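Below is one structure, written out as structure tokens; comments come after it.
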Amino acid sequence: MSQDKRTGLIHHPYVPPAGFEAVAPGVHKASTVVFPNVAALQARNWRSKTGYTYGLHGTPTTFTLEERIATLEGGLQTLLVPSGLAAITLVDMALLKQGDEVLIPDNAYGPSKELARNELAGWGITHRFYDPMDARGLAALIGPQTKLLWLEAAGSVTMEFPDLPALVKLARERGVKVALDNTWGAGIAFNPFDLTPGGDALGVDVSVQALTKYPSGGGDVLMGAVTTRDEALHLILKFCHMRMGWGVGGNDVELVLRSLPSLALRYEAQDAASRTLAAWWSQRREVVQVLHPALPGSPGHECWQRLCTRAAGLFSVVFNERYSPEQVYAFIDALRIFKIGYSWAGPVSLAVPYNLKGMRHEPAYSGTLVRFSVGLEAVGDLIHDCQQALHALGP
């Protein structure tokens, strides 16, 4: 060993003893992975998770999170990407080519629709939006060029809960791959790979999540996941993932791993609080509709009831159209506990207004809509906050 401290500090001979065990998984961060010899370098296979080749291809930390998310989703393989939208993009890029068509629910996550309108269209991939509550209408849209059907449950902002088994069965009969945005369900509300428990194990081909939401739970991480149960399909996605160079940071993975043990507890707590708050809103004369899948009368409630026992802490209310958008904005500005901001599933409750006329082909509601994300505050305080803010609506 060189006597020069510059070299000695980099190539120090000390190796800590093996066998250290702790509750939290270790955090491994690397771009370069070193090999003991050339034979090992040439023999290692990044495809199978039997070894390590380069930081983008996985570390012990990312492998651990991938395996836990696969278990959470009821799948067998998971890939990590930098965001929920990146997870959607990976599926589109891996499974679609020029001349193909993708069908997307009209109430899907907005950026997913914009991806289809712009990048996918520019690559010669066509798209059509469909009503997820109309299985017959969807059947009429599926053609020979249709290669991918997207599902979302519940729908973004307007919270419709579709008949997932019926839609998946329809796609199966036509030989169309099915991908589900399961961010709302988070692997807790239902199993996307087994939508008919005790039946014929009907399920989706791919489930994606924004780990940004419930798995992280802190409002401080951006990450997504793509989960499958089919090895061949997984490899198609994995090769695309590799070629796109998508990776996630070890410290972000650590934060998600730290939050996973409390995921079910947080989901249940926010579910209970959101149902209580939604029920309170349903008694208010200021609103004409409360959109929460677990609430009778909400679109798709019966479909939710057949499949789920839990629901995310997320719901929307539609204000009476006699209140102008500006009056509703004044209500939101008057909230003190609820903060104004996008995303959801963190500890802080959020409120955001939406203009459905610019979001849906045929808006079902004419009043201004406000989406609430219920955090971990006392639900009584949240009700009081909404009540005091209603004064800002005016007469």
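The values are calculated or read from the model by the stated rules, or taken from the named source; none is laboratory data. Source: prediction; values computed, not measured. Positions of Cβ are generated from backbone atoms using ideal geometry, with glycine treated the same way; all protein chains shown enter the neighbour counts.
At-a-glance table
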item: Unmet criterion (only one of (1) surrounded by fewer than 22 Cβ atoms within 10 Å (Cβ to Cβ); (2) in the same structural domain as residue 66 (by TED's automatic domain parsing); (3) among the hydrophobic types (A, V, I, L, M, F, W, C); (4) under 19 Å from residue 186 (Cα atoms)) for residue 232; result: (4)
item: From 154, 94, 87, residue being in contact with a Cys (Cβ under 7 Å, 6 or more places away or on another chain) and of a type in the set (A, V, I, L, M, F, W, C); result: 94
item: Residue check for residue 181: modelled with pLDDT of 95 or more, closer than 24 Å to residue 146 by Cβ and acidic (Asp, Glu); result: yes
item: Residue in region 258-276 that is farthest from residue 218 (Cα to Cα), counting only those that are among the aliphatic types (A, V, I, L, M) and surrounded by 18 or more Cβ atoms within 10 Å (Cβ to Cβ); result: 273
item: Options 284, 306; residue that is charged (D, E, K, R) and without any contact (Cβ under 8 Å) to a residue 40 or more places away in the chain; result: 306
item: Boolean, residue 311 is surrounded by 16 or more Cβ atoms within 10 Å (Cβ to Cβ), closer than 27 Å to residue 380 by Cα and not assigned by TED's automatic domain parsing to the domain that holds residue 154; result: yes
item: Candidate set: region 1-57, residues that are touching a strand residue (DSSP E or B) at 6+ places or on another chain (Cβ under 9 Å) and assigned to a helix (DSSP H, G or I); chosen: the one modelled with the lowest pLDDT; result: 46
item: Qualifying positions in region 245-271 - out of contact with any helix residue (DSSP H, G or I) (no Cβ under 9 Å at 6 or more places or on another chain) and not in a helix (DSSP H, G or I); result: 249
item: Hits in region 92-105 (condition: surrounded by 21 or more Cβ atoms within 10 Å (Cβ to Cβ) and in a loop (DSSP other than H, G, I, E, B)); result: 96
item: Selected residue (only one of 374, 370, 379 is in contact with a helix residue (DSSP H, G or I) (Cβ under 8 Å, 6 or more places away or on another chain), over 18 Å from residue 110 (Cβ atoms) and crowded, with 21+ Cβ neighbours inside 10 Å); result: 374
item: Breaking point among (1) buried (at least 20 other Cβ atoms within 10 Å of the Cβ); (2) without any contact (Cβ under 8 Å) to a residue 60 or more places away in the chain, for residue 224; result: (2)
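Yes or no, residue by residue, for (1) in the same structural domain as residue 387 (by TED's automatic domain parsing); (2) more than 17 Å from residue 213 (Cβ to Cβ); (3) modelled with pLDDT under 95; (4) in contact with a Ser or Thr (Cβ under 8 Å, 6 or more places away or on another chain):
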site: 279; (1), (2), (3), (4): yes, yes, no, no
site: 295; (1), (2), (3), (4): yes, yes, no, yes
site: 315; (1), (2), (3), (4): yes, no, no, yes
site: 319; (1), (2), (3), (4): yes, yes, no, yes
site: 326; (1), (2), (3), (4): yes, yes, no, no
